[in-house]
1. What does a probe at Gln52 reach in region 90-109, counting residues whose amide N is under 14 Å from the point 7 Å along Cα→Cβ?
2. For His85 and Gln111, FRET efficiency with R0 = 35 Å and r from the beta-carbon atoms, rounded to 0.05?
3. What is the dipole size for region 6-132, taken about its Cα centre, with +1 at each Lys and Arg Cβ and -1 at each Asp and Glu Cβ, in debye to the nearest 20?
4. Would you mind classifying the chain by shape? Square roots of the alpha carbon gyration tensor eigenvalues, ordered a ≥ b ≥ c; an a/c under 1.5 is rounded, otherwise it is prolate if a/b is larger than b/c and oblate if not.
5. Taking the Cα centre of region 23-106 as the origin and placing charges on Cβ (Lys, Arg +1; Asp, Glu -1), which of Gly69, Ala39, Ile102 is farthest toward the positive end of the dipole?
6. Can you tell me how much longer the chain between Phe44 and Ala77 gets when fully stretched, taken as 0.36 nm per residue apart minus their C-alpha distance, in nm with one decimal?
7. Taking a ≥ b ≥ c as the square roots of the eigenvalues of the Cα gyration tensor of region 26-65, is the shape rounded (a/c under 1.5), prolate (a/b larger than b/c) or oblate?
8. Given H placed 1.01 Å from N in the peptide plane, which residues other than close sequence neighbours of Arg68 have an amide H under 5 Å from its amide H?
Amino acid sequence: MPLVASKDSDIVFQSYGRCCNNPIFFVDFYDRFMGCSDAIRDQFRDTDMKQQRHLLRNGIMQLVLYARGMSDAKLKALGESHNRHGYNIRPEWYTQWVDALITTLRDHDPQFDLNVEAAWRRAIAPGVELIRSAY
Ligand code: HEM
């Protein structure tokens with residue numbers, strides 16, 4: 001069962017398509033997200049960011065596919081890796097993660113507007129919530 005209207009996920013796929021082939025998109029996302037606080041930056045102190053950007057490209061896709069009705073197995077695995085026994089990612093950091101994503105999309109997608117933003121927020125909310133609530 002899809003969790004969002006197919007119109008939303010169509011808008012989101014097209015928007016992501018205009019952004020995700022440019023590697024700078026992911027550089028800009030992590031610069032912005034890590035710029036939110038020293039606590040967030042510190043989470044990535046030992047991370048190979050080149051690899052991490054690559055993993056995120058797929059991670060965002062998983063959020064959107066989940067909203068479209070795909071299995072939750074991949075997101076459950078992310079919930080496990082990010083929870084208190086794993087990377088210990090605090091639930092409140094996900095709000096900053098989503099806001100950093102939206103701002104980076106606004107910078108990179110020439111067709112971004114309030115309608116596209118609302119579609120993104122609706123489409124990724126269930127997947128983000130699944131990961132966050134595994135804390
Ligand atoms: C729903 C939003 C998020 C998605 C889709 C996501 C996606 C991913 C993916 C695909 C990986 C690599 C696979 C893995 O290690 O399990 C990863 C690793 C990681 N994520 Fe997230 N993430 C999200 C939110 C966050 C937040 C809010 C933080 C907070 C700082 C964070 C910090 C990390 C860290 C520290 C790693 C491991 C880096 C390393 O291997 O050194 N993530 N994330």
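1. The answer is 90, 97.
2. On the way: r = 41 Å, r/R0 = 1.17.
In this case the efficiency is close to 0.30.
3. Details: 17 positive and 17 negative charges, 58 e Å.
So the dipole magnitude of region 6-132 works out to roughly 280 debye.
4. Numbers: a/c = 1.75, a/b = 1.18, b/c = 1.49.
Since a/c reaches 1.5 but b/c is at least a/b, the shape of the chain is classed as oblate.
5. Value computed over the given set: Gly69.
6. Details: separation 33, 0.36 × 33 = 11.88 nm, distance 1.91 nm.
Taking 0.36 nm per residue and subtracting the Cα distance, the gain is 10.0 nm.
7. Numbers: a/c = 2.19, a/b = 1.67, b/c = 1.31.
It comes out prolate by the Cα gyration axes.
8. When sequence neighbours closer than 5 places are left aside, the close amide H contacts are Leu3.
Any read-out appearing in this document is the output of simple, stated calculations on the displayed coordinates, not a laboratory observation. Bear in mind the structure is a predicted one, so any value in this text is a computation, not a measurement. Using ideal geometry, Cβ is built from the backbone for each residue, glycine included, and neighbour counts are taken over all protein chains shown.
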